Amino acid sequence: MVIRGVVQGVGFRYFILRRATELGLSGDVRNLPDGAVEVRACGDAAGVAQLLELARRGPSSARVDDVEVQSGYGARWPTGFRIRP
């Protein structure tokens with residue numbers, strides 16, 4: 001997913017990291033040069049769907065204007081979730 005709005009400098013990556021870890025998902029999150037945040041998540045469908053709903057809200061200091069979702073079935077990730085540089 002690519003999340004747009006006021007999503008950098010407001011703890012968005014750490015919010016996603018914490019929630020994805022709680023949901024048992026693998027993947028990563030990073031800031032994009034255009035001010036958006038990219039999230040790549042892998043796990044059970046219910047967990048990924050829940051992370052998507054959380055990303056649409058974000059932390060209280062964020063303002064989410066748009067979430068673009070792309071599916072990549074069959075991708076395998078190492079265990080765990082991390083913040084990418």
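Each value in this text was obtained by applying a stated rule to the coordinates, not by laboratory testing. All figures in this text were calculated on a predicted structure; none of them were measured in a lab. As a convention, Cβ positions derive from the backbone with ideal geometry for all residues, glycine included, and neighbour counts pool all protein chains shown.
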List the residues, sorted by chain then number, that are 5 or more residues from L32 or on another chain and whose placed amide H is less than 5 Å from its amide H. V37, E38
For the Cα atoms of the chain, what angle does the longest principal axis make with the long axis of helix 12-22, in degrees from 0 to 90, nearest 10? 30
Fewest to most Cβ atoms within 10 Å: D66, D28 sort as D66, D28
